[in-house]
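The values are calculated or read from the model by the stated rules, or taken from the named source; none is laboratory data. All figures in this text were calculated on a predicted structure; none of them were measured in a lab. In this analysis, Cβ positions are derived from the backbone assuming ideal geometry, glycine residues included, and neighbour counts consider all displayed protein chains.
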Amino acid sequence: MKFLSASLVLACIATPTFAQGSDDCSTPTPIAGQGTFPYDNTLATTGLEGQSEIFCYAFATSAVDNDVWFDWTSDMDGTVNLTTCSLTGDDTKLAVYPGGACPPVAGGTALACNDDACAYQSKLEFPAVNGSTYMIQIGNFPGASANNAGTFSLIGDAPILNPNNGHYYDWVNHGQPIDWDTARLLAQASTHNGLAGHLMTVNEVSEHIFITQNILQQGWIGAYQDTSDPSYSEPGGGFFWVTGEPLGFFQPWNPGEPNHGNGNEDYVELTTTGGWNDAELSGSGFITGYFVEYEGTASIVYCHGDGSGTPCPCANHGNNGEGCANGTGVGAKLRSTGSASISAADFVLTGEQLIASQPGLYFQGNNAINSGNGNPFGDGLRCAGGGVIRLQVRFADSNGTSQTSVDIAALGGAAAGDTKRFQIWYRDPNTSACGSQFNLSNGLELTFGA
């Protein structure tokens, strides 16, 4: 058990150097990207900002002692894991705030906060947008001494693709108890690959099985009870999804649920048993995470190089939803953003896990080769064929990512109702898994609309 000290001994005011955190939040140390970063708060004082956040309330206090500040610029969309676990021996406390300015003294702006997640060290997750800045506060639980300099890590936790419907899913560990409505707002503010997020909705058995097999955690989902709707009744009437849809026939409630316990349970969580439970808005202080779903276009990922269909040429299998493995050990992924609308002209193809600085040809075909399983070609599988159109050659950046910049529907001659298949044929000259020096991504299928 932790105890607050009767008094706090202030150390000499000193701003740490060598990118190890600033003692003043008005001049935070700038950092960028993902990885491990050093911090040193052994001489840090305790400022006024970040001391009154409700998310930081633990063991009878919201304070963060001996705090230092960093201004982090995100290089990704999605959930970010911030932790000091196994990176210091001190009793740490972490908080994250939006933007690059000091949080208000009155509090109320923290995205997440955590005290103890792994013994006396800390871990939290928060949604980030590529190019945006976030203020990070690192300090100690009140009364605990800042004895040693340490490190912290910032690592992206990418959402998982469900190849059956083209949606991405993520579980966000808030680090502290979170109510349903706050989780809803945070989910709506999240983006991934240009896709807007919302609290997860589950409408069919296959979707539920995918979630429980891949990211089964306790957390809020996007179902709630509308007490003003004519269909409302207790305990199970009037439930809707945040997308406006009523709950369908598939409702995997835990035994005895919903039961409207305590007379105010109008919000739904997914439990670690894989079933649903109705809970009060606060979750009784026991719910610290939530599920985000990112819905893209109507595109469908097919022709996986994971060995489930046609084997990869030299047993160089990738993961589900990828092409055959390239020299990096994983397969290239082809994804899309935007809509299927021809008039909107906002359909964009994105390649991930390509070979850095190497060219890739985005191409279109009318057919899914070999019933969608593909045929061996180079180090990969040829998945799209018939009436092939070269769309665009793009070079992958240092992270192995590229993206089209042309009007796909216009260049490919698509009309409303047409189904087209897409793929990337890319160079792998130095680390080719099978020696062919080129590989292909998974396939992607889309039916265009007007």
Among the residues of the stretch 279-297, is there at least one that is acidic (Asp, Glu), at pLDDT 95 or above and not assigned by TED's automatic domain parsing to the domain that holds residue 351? yes
Considering only residues of the stretch 91-113 that are part of a loop (DSSP other than H, G, I, E, B) and of a type in the set (Val, Ile, Thr), which is surrounded by the fewest Cβ atoms within 10 Å (Cβ to Cβ)? 105
From the residues in the stretch 160-175 that are touching a Ser or Thr at 6+ places or on another chain (Cβ under 7 Å) and not in a strand (DSSP E or B), which one is nearest to residue 59 (Cα to Cα)? 175
Given (1) within 26 Å of the chain's Cα centre (by Cα); (2) at positive phi, index of the condition residue 69 fails: (2)
Within the stretch 214-225, can one find any residue that is closer than 19 Å to residue 167 by Cβ, polar (S, T, N, Q) and not in a loop (DSSP other than H, G, I, E, B)? yes
Single residue of 371, 343, 357 found to be free of Cβ contacts under 8 Å to residues at least 12 places away in the same chain and surrounded by fewer than 18 Cβ atoms within 10 Å (Cβ to Cβ): 371
Please enumerate the residues belonging to the stretch 141-160 that are of a type outside the set (D, E, K, R), under 29 Å from residue 322 (Cα atoms) and surrounded by fewer than 22 Cβ atoms within 10 Å (Cβ to Cβ). 153, 155, 156, 158, 160
So, residue 348, is that one farther than 20 Å from residue 428 by Cα and of a type in the set (A, V, I, L, M, F, W, C) or not? yes
Looking at 199, 186, 195, which is the one that is within 26 Å of residue 155 (Cβ to Cβ), in contact (Cβ under 8 Å) with a residue 12 or more places away in the chain, crowded, with 19+ Cβ neighbours inside 10 Å and in contact with a helix residue (DSSP H, G or I) (Cβ under 7 Å, 6 or more places away or on another chain)? 199
Given (1) out of contact with any Phe, Trp or Tyr (no Cβ under 8 Å at 6 or more places or on another chain); (2) hydroxyl-bearing (Ser, Thr, Tyr); (3) farther than 13 Å from residue 175 by Cα; (4) without any contact (Cβ under 8 Å) to a residue 60 or more places away in the chain, where does residue 122 come up short, assuming only one miss? (3)
Which residue, of 238, 274, is of a type outside the set (Ser, Thr, Tyr), over 20 Å from residue 178 (Cβ atoms) and in contact (Cβ under 8 Å) with a residue 60 or more places away in the chain? 274
Odd one out for residue 125 among (1) outside the structural domain of residue 97 (by TED's automatic domain parsing); (2) touching a His at 6+ places or on another chain (Cβ under 8 Å); (3) outside any loop (DSSP other than H, G, I, E, B): (1)
Kindly check whether there is at least one residue in the stretch 91-106 that is of a type outside the set (D, E, K, R), closer than 18 Å to residue 42 by Cα, over 19 Å from the mean Cα position of the chain (by Cα) and modelled with pLDDT of 90 or more. yes
So if I check each of 88, 83, which one is surrounded by fewer than 24 Cβ atoms within 10 Å (Cβ to Cβ), under 25 Å from residue 292 (Cα atoms) and touching a strand residue (DSSP E or B) at 6+ places or on another chain (Cβ under 8 Å)? 83
Could you list, in sequence order, the residues of the stretch 320-340 that are hydroxyl-bearing (Ser, Thr, Tyr) and either out of contact with any strand residue (DSSP E or B) (no Cβ under 8 Å at 6 or more places or on another chain) or in a loop (DSSP other than H, G, I, E, B) (or both)? 328, 339
I'd like the residue in the stretch 192-208 that is outside any loop (DSSP other than H, G, I, E, B) and more than 24 Å from residue 53 (Cβ to Cβ) and, out of all such residues, is nearest to the chain's Cα centre (by Cα). 192
Scan the stretch 220-240 and give yes if some residue there is modelled with pLDDT of 95 or more, within 16 Å of the chain's Cα centre (by Cα) and over 29 Å from residue 349 (Cβ atoms), otherwise no. yes
Which members of the stretch 56-90 meet the condition of being part of a loop (DSSP other than H, G, I, E, B) and more than 23 Å from residue 178 (Cβ to Cβ)? 75, 86, 87, 88, 89, 90
Note on the stretch 341-393: residues of a type in the set (Lys, Arg) and out of contact with any helix residue (DSSP H, G or I) (no Cβ under 8 Å at 6 or more places or on another chain) are 390
Need the failing condition index for residue 31 against (1) outside any loop (DSSP other than H, G, I, E, B); (2) within 19 Å of residue 90 (Cα to Cα); (3) aliphatic (A, V, I, L, M), just the number. (2)
Filter result for residue 388 (among the aliphatic types (A, V, I, L, M) and more than 31 Å from the chain's Cα centre (by Cα)): yes
